[in-house]
1. Would you mind checking the pairs Lys191/Lys297; Lys179/Lys379; Lys95/Lys262; Lys214/Lys249; Lys95/Lys174; Lys297/Lys379 and listing those with alpha carbons more than 32 angstrom apart?
2. Could you work out, for the stretch 310-357, what percent of all Cα-Cα pairs fall into each 10 Å distance bin, beginning at 0 Å and stopping at the bin that holds the largest distance?
3. Suppose each label sits 7 Å from its Cα in the direction of the beta carbon; what would the Asp99-Glu392 distance come out to in nanometres?
4. Relative contact order of the stretch 41-184: what whole-number percent is it, with Cα pairs under 8 angstrom and at least 6 residues apart?
5. What number, rounded to the nearest 500 deg cm²/dmol, is the helix-based mean residue ellipticity at 222 nm of the chain, given -39500 (n - 2.57) per DSSP H run of at least four residues and division by all its residues?
6. Below 14 Å, Cα to Cα, which aspartates and glutamates can Lys70 reach? Residues fewer than 8 away in the same chain don't count.
7. Over the Cα atoms of the stretch 254-399, each weighted equally, I'd like the Debye log10 I(q)/I(0) at q = 0.09, 0.11 Å⁻¹, rounded to two decimals.
8. Taking the convex hull of the Cα atoms, report for the stretch 264-326 its projected area averaged over all directions, in nm².
Amino acid sequence: MLLKRKEFLQIGSLATASMMLPKFMKAFEAPHLVPPGNKVLVILQLSGGNDGLNTVIPVRNDIYYKVRPKLGIAPDNALRLTDDAALHPALTGMKELYDNGHLGILNNVGYPNPDRSHFRSMDIWHSASDSDKYVYTGWLGRYLDAQCKGCDKPTQALELDDMLSMAMKGEHIKGLAMKDPRRLFNTSNEKFFREVVKNHQDEHGEQTVDYLYKTMAETMSSADYIFKQSRIHPTSTVYPSTDIGNSLKTIASLIFSDINTKVYYLSLGSFDTHVGQDGQQRRLFTEMNAAISAFVKDMQQNNRFQDVMLMTFSEFGRRVAQNASGGTDHGTANNMFFVSGALKQKGLLNELPDLSNLKNGDLQYSVDFKNVYATLLNKWLGADDRQILGRELSYLDFV
């Protein structure tokens, strides 16, 4: 069977064929694993712009209740952290982590000249660029470029999704997106695609087609590897049967298998709460709370919690004042959560937002998110953050 170039390009996004190029299989004969003691970073993207002010609630701030007469969460309904701060009532598991010293909360995180467009702001967070510059590689992709050059192993960073985020795309190496290991394995082993690869003759192929075949081979090899690793030590912990619960369950099984993956990426949303915010945010927080609680319990029971750092972020926060539709519109600075058994600084890591010092009705940032990236790259993953981020940044103390 010989396929025409057009036909091949139409199916080029699906990858197969570990048998086509033996060198890709050989890459897995001596895997570089992530044994206990080495660090793993799990990034949870809260897509849509989560409302940070109703996440970490300034319960003694009169301005908050004045501008949010219906949306503000009453002190008695919130989960008190300090005299001044409380968590959203759905985040009971996060409150427990806070009490046990396993949660760090960083407030007022943002960047200069913020952009309120979902797509542009997410690009800025993904690429770690300034808001007036356009960079088409992601900060985690450049981490892969720096750490995995010559590895021939595209499983150092996995995204639990059907699409790969820009954050995971490097110039030379990209992460790998999958919804779950079995689905990726089954898809890559479909007869049709095996036939395609079996009959490929790359000695006179076009450059674009050969690139797609190479990608297919890498993905096929990775699919075999990931699926086998996920079955070595499947977790026995009960997770909620939600997308985020299933994704964190998959991540847990892969961590226990000592696969070579150091970065996992997943998303939850949408937090774009222009209308009816209370119910939508509560539902999403309920899912997040249950899934993270199960994941932490799993890591603790298997003695890996010291090796894992889970970070949450959103592309921006919401406006300080509620709108007329029971929601909030796109804002600026926001909070980030860090969950780990190895936090060096815990609880509230900095001051709450200053609601008396707004800029055009929005919060002003005090921590640039790129400093968070530099901290995690250097102090958690042991990477050269200056090379990856293209600048010298100061580090934070929570790691």
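1. Working: Lys191/Lys297 40 Å; Lys179/Lys379 29 Å; Lys95/Lys262 27 Å; Lys214/Lys249 30 Å; Lys95/Lys174 35 Å; Lys297/Lys379 24 Å.
Distance filter (> 32 Å) returns Lys191/Lys297; Lys95/Lys174.
2. 20, 43, 28, 10, 1
3. 4.5 nm
4. Relative contact order for the stretch 41-184 comes out at 15 percent.
5. -10000 deg cm²/dmol, from helical runs alone.
6. Partners within reach: Asp62, Asp278.
7. -0.36, -0.54
8. 5.2 nm²
Every number in this text was worked out from the coordinates using simple rules, so none of it is lab data. Since this is a predicted model, take the numbers as computed values, not measurements. When we count neighbours, we look across all protein chains shown, and the Cβ atoms used for this are built from the backbone with ideal geometry, even at glycine.
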